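Written out below as structure tokens is the structure these notes cover.
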Amino acid sequence: MAVASGPPSRPISPIRLAVCVSGGGTSLQNLLDRVAAGALDARIVQVVASRPGIAAIEKAERAGLSVAIADASSRKADVDAFSASVFDPIRASGADLVLLAGFLALVRIPEDFRGRVVNIHPGLIPSFCGRGFYGERVHQAALDYGVKVSGCTVHFASDEYDEGPIILQKVVPVLEDDDARALAARVFAAEREALPEAVALYAAGRLSIEGRRVRIAPPQSG
């Protein structure tokens, strides 16, 4: 049975998360650590990898998580088939929210997951984002342009790269002696705070989408 789309109007405790990964799984590990420490009221019920053989799969399996591997053979030829191979196991898991945590593949979001898929990007959207902007490419582009600040963006995902309404952004300074690796480390420190914060806001029922804007309601008193 399809679940209603969009952010919840009431709190979810604990929120059930699906995490989509493409690489080392550092964001996945950060979420696991925060859940284990009691800092994030959540359960990770499904991990989906965009391809086999990545380190994130080892992290997920070591934590005893259910892992599905998307149909990489259809990734470029058939976006709908690839997207189905991503969302079918997520739907079966009963996840409330899907996190694209370093997930580098383009997906088409099913109607029952609209407003329930969140992406984190290592830059301040709308700068240095879109197709081809991922990992250290984002940070090198920021340095090449000469920006004085960078950061990360958490947003609701759409069917295009790095689009969709912005939930929150965190800013870090760009230092005179930065290279892409140094800037990446500073931005990732911000990502470690931003993604769990966005999950908590969603789980608390404090987010609503109005066009391109995400409204954040004040916390409930009492």
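At a 1.4 Å probe, what is the % contribution of carbon and sulfur to the accessible area of the chain? Answer for the chain is 51 percent, counting heavy atoms of protein chains only. Any idea what log10 I(q)/I(0) is at q = 0.07, 0.12, 0.14, 0.18 Å⁻¹ for the chain, Debye with uniform C-alpha scatterers and no solvent? So the normalised log intensities work out to -0.20, -0.62, -0.85, -1.41. Beta bridges assigned by DSSP with both partners in the chain are antiparallel in approximately 45 percent of cases. Per residue, the solvent-accessible area of the chain (1.4 Å probe, heavy atoms of protein chains only, all protein chains present) comes to 49 Å². Relative protection proxy for 35-41, 200-206, 18-24, from highest mean packing down: 18-24, 200-206, 35-41 (other beta-carbon atoms within 10 angstrom).
Across all Cα atoms of region 101-222, the radius of gyration (one decimal) and Dmax (whole number) stand at 14.9, 49 Å.
Annotation: peptides 125-133, 213-221, 155-163, ranked by per-residue average of other Cβ atoms within 10 Å with the highest first, follow the order 155-163, 125-133, 213-221. With the convex hull constructed from alpha-carbon coordinates only, region 3-63 shows a mean projected area of 4.9 nm² over all directions.
The values are calculated or read from the model by the stated rules, or taken from the named source; none is laboratory data. What you are looking at is a predicted structure, and each value in this text was computed from that prediction instead of being measured. FYI the Cβ positions are ideal-geometry reconstructions off the backbone, even for glycines, and counts take in every protein chain you see. Only protein heavy atoms, including side chains, enter the accessible area calculation; ligands, DNA and RNA are left aside. Shrake-Rupley method; radii C 1.70, N 1.55, O 1.52, S 1.80 Å.
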